[in-house]
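Heads up: the structure comes next, in structure tokens.
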Amino acid sequence: MSIRNIWTIARKDFRAYFTSPIAYIVIAGFMVIMGWMFFFNLSHFNAQNMQYQQFNMGKGVSITDGIIRPLYGNMNVIFLLLVPFITMRLFAEEKKLHTIELLMTSPVSLIDMILGKFLSSFFLVSVMLGLTIVYPVVLFITGNPELGPIVTSYIGTLLLACCYLSLGIFFSSLTENQIVAGALTFAAGLFFWLVSWASQAAGSVWGDVLTYLSLISHYNNFGQGLINTSDVCYFLSFIGFGLFMTHRVLDSFRWR
Amino acid sequence: MIQVSHLTKLYGPHAAVSDLNFEVKKGEIVGFLGPNGAGKSTTMKILTGFMPATEGKVSVAGFDVFENPIEVKKNVGFLPENPPVYPDMTVQDYLDFSGRLHQIPKKNLQSAITQVLEKTALTQVRKRLIGNLSKGYRQRVGLAQALIHNPQVLILDEPTVGLDPKQIIEIRELIKGLAGDHTVILSSHILPEVTATCQRIIVINKGRIVAEDSLQELTARIRKGHIYSLMVKNPVQTGVEALRKIQGIHSVTAAGPKLVVEISPHAQEVRDQVIETAVKHQMGVLEFSAEKVSLEEIFLQLTTVENPSETTGATA
């Protein structure tokens, strides 16, 4: 493993996002949807609190519960939709263009290659997340939200997005068709979201297993301002496993 | 510089390459010649460490390809069949990236790029997107990529495909110029290609080496004598018969006005007699010239004549 090699790959792929329309489209789409959601959440929150005051029903809803949690919860869904477009090209395109031969015949190990690619998509996701800081800033200017849940929401969202990235990179390594890679990433990501639905029918032991496997159940704590080690462990293992599987897939292509 | 022994590569039950043995010395230019699907690309991909062999031992620049692939890759420049270029990068950025991949120190990177751009005559298009370049330019960008880290060994898979005749000559000169400092293996199914650049030729067919020698040796091996062509106005039968009777002439084949005369290598002086006889029979000599054996012929002979014994040997 060499930091320099990882950086070389990450730099090239991160730039490629911006020399093609991908980054602009994904970021613009993301910001439009998020902006709309923020506006909707905010006005709904205002209306709700106005009602509470009008009828003297007590304290009302906090900013954390009324805006932060739904906003970042929705952001996770948007990432589920958008990450496939970010990751689908990473290996599939290299295969299609035969540039994988350049990478594979350069003195760069597979691990460097995979980590470099992961890092490039991680940077793009970070840029997207970074742009959303404008919403908490608006809230801090106009109101008095709690900082803790915002920070944990960001940590949780970043970890969750990295899980999608890892999944997406894995599917991208399987095929040279970007559409196939993207569709599989979306389907698998959605599956890992919804897998806990079956937990009630599955009985106590399997129900727990399915709940534990579900991505969303691990995110919920972050949304409430909690950083739970088991959640962090789950996300990190998910990411690590996806990248490990990518390594196995790429290695196996050489042996075929 | 390159040693290959008992190299075998199986794709499922199908052997793409079987029991290949050869050696390339430092500074040599060796041509891999074979029809499509002969196993050239497979061999090259194994040499570069792109894929492992099923069996056998390959060492490049003193390192074993299986045990030390990273070291091998540092010393090898590879131009695959399809130039591995990114259409949405400029030539300059692409070479910058491949230079970094090959771990050229940052302070030498720009000078390495400038040098290689000059060598491959790409300086003018350095700022253009590769996707907008013609096939010939892309091929040269691929070649520039293989040269950027000044590798000891260059492996070029069909380097002049898609180039126009002028560019082909330029690339050939470039490759020739690399001999001495670099060891070059290039593959081709276009035969004059190999004749023009290579000192030694390895002919591969169906994954096996059928011949390995210099062009002269290969030519001599196939032909007993030397071939001349005699163009005449009237190819009269009596004249042809008379020619056949001359001592030292192996055969005379008439095809219209063209007579193909094969003369034993030890009886070159009979050429006078050929002319005399033709004149005597009033055949009206138009032209008398030595015919070079083309590589095509050698190739066909090697792959068709020698093969039956090999295939029967393999099935038995």
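Between helix A:3-19 and chain A, what is the angle of the helix's C-alpha long axis to the longest principal axis, kept within 0 to 90° and rounded to the nearest 10? Orientation of helix A:3-19: about 70 degrees from the principal axis.
Projection of the Cα convex hull of the stretch B:224-291, averaged over all directions and equal to a quarter of that hull's surface, yields 3.8 nm².
Alpha carbon centre of the stretch B:104-156 versus the stretch A:1-42: separation in Å? Centre-to-centre distance over Cα atoms comes out at 30 Å.
Note that the stretch A:108-152, at 37 °C in a medium of 0.692 mPa s, gets a Stokes-Einstein diffusion coefficient of 257 µm²/s from its Kirkwood radius over C-alpha pairs.
Straight-line reach from A:LYS117: taking Cα to Cα under 23 Å and skipping same-chain neighbours fewer than 8 places apart, the lysines in range are A:LYS12, A:LYS95, A:LYS96, B:LYS73, B:LYS74, B:LYS106.
Taking Cα atoms only, the orientation of helix A:229-255 departs from the longest principal axis of chain A by about 20 degrees.
Each label point was placed 7 Å from the Cα along the Cα-to-Cβ direction; for A:LYS59 and B:ASN150 their separation is 7.2 nm. Computed over the stretch B:2-220, relative contact order equals 30 percent, with contacts defined as Cα pairs under 8 Å that lie 6+ residues apart. Over the stretch A:1-96, Cα pairs under 8 Å with separation of 6+ residues give a relative contact order of 32 percent.
Legend: mean number of C-beta atoms from other chains within 10 angstrom of residue C-beta atoms, peptide B:59-71, equals 1. Note on B:ASP88 and B:SER229: the model spin-label points, each 7 Å out from Cα along the C-beta direction, lie 5.4 nm apart.
Listing B:MET89, A:MET245 from the residue with the fewest other Cβ atoms within 10 Å to the one with the most, what is the order? Could you put the intermediate results ahead of the total?
Details: B:MET89 21, A:MET245 17.
Arranged by neighbour count, lowest to highest, B:MET89, A:MET245 become A:MET245, B:MET89.
With a Förster radius of 56 Å applied to the beta-carbon distance between A:PHE191 and B:ALA121, the computed FRET efficiency rounds to 0.55.
With the alpha-carbon atoms as the only input, what is the per residue convex hull volume for chain B in Å³? Working shown, then result.
Numbers: hull volume 53.2 nm³, N = 316.
So the per-residue hull volume is 168 Å³.
Normalised radius of gyration (Cα atoms, divided by 2.2 N^0.38 Å) for the stretch A:194-256: 1.45. Sequence-ordered 3J(HN,Hα) estimates for the stretch B:186-195 from the Karplus curve with 6.51, -1.76 and 1.60 and θ = phi - 60° stand at 10, 10, 6, 10, 8, 6, x, 3, 5, 4 Hz, glycine and proline given as x. Secondary-structure-derived ellipticity at 222 nm for chain B, considering helices only, amounts to -10500 deg cm²/dmol, per-run term -39500 (n - 2.57) for DSSP H runs with n ≥ 4. Note on chain A: Kirkwood radius taken over Cα pairs, Stokes-Einstein applied at 37 °C and 0.692 mPa s, translational D equal to 167 µm² s⁻¹. The convex hull defined by the C-alpha atoms of the protein assembly as shown has an orientation-averaged projected area of 38.0 nm².
To the nearest Å, what is the center-to-center distance of the stretch B:257-290 and the stretch A:176-227, using C-alpha atoms only? The distance from the Cα centre of the stretch B:257-290 to that of the stretch A:176-227 comes to 88 Å. Counting 0.36 nm for each residue step from B:THR54 to B:GLN282 and taking away their Cα separation leaves a gain of 75.5 nm. Using Cβ point charges alone (K and R +1, D and E -1), the dipole size of the protein assembly as shown about the Cα centre works out to roughly 720 debye.
Note that the stretch A:135-145 has calculated 3J(HN,Hα) couplings of 5, x, 4, 4, 5, 5, 5, 9, x, 9, x Hz, one per residue in order, obtained from phi through the Karplus relation 6.51 cos²θ - 1.76 cosθ + 1.60 (θ = phi - 60°); glycine and proline are x. Based on C-alpha pairs under 8 angstrom that are at least 6 apart in sequence, chain A has a relative contact order of 25 percent.
For chain B, the share of DSSP beta bridges that are antiparallel, to the nearest 5, is 65%. When peptides B:196-206, A:140-150, B:18-28 are sorted by average Cβ neighbour count within 10 Å, with the highest value leading, the order is B:196-206, B:18-28, A:140-150.
Against chain B, whose longest principal axis comes from its Cα atoms, helix B:165-178 is set at around 70 degrees.
At what distance in nm do the modelled label points of A:PHE39 and A:ARG248 sit from each other, each positioned 7 Å from its Cα along Cα→Cβ? Each label point lies 7 Å from its Cα, and together they span 4.7 nm. Taking amide H positions as modeled 1.01 Å from N, with prolines and chain starts lacking one, the residues under 5 Å from B:ASN205 and 5 or more places away or on another chain are B:VAL210.
Throughout, read-outs are computed from the coordinates displayed, never taken from laboratory work. Values in this document were obtained by computation on a predicted structure and should not be read as measured data. Cβ sites come from the backbone with ideal geometry, for glycine too, and all protein chains shown count toward neighbours.
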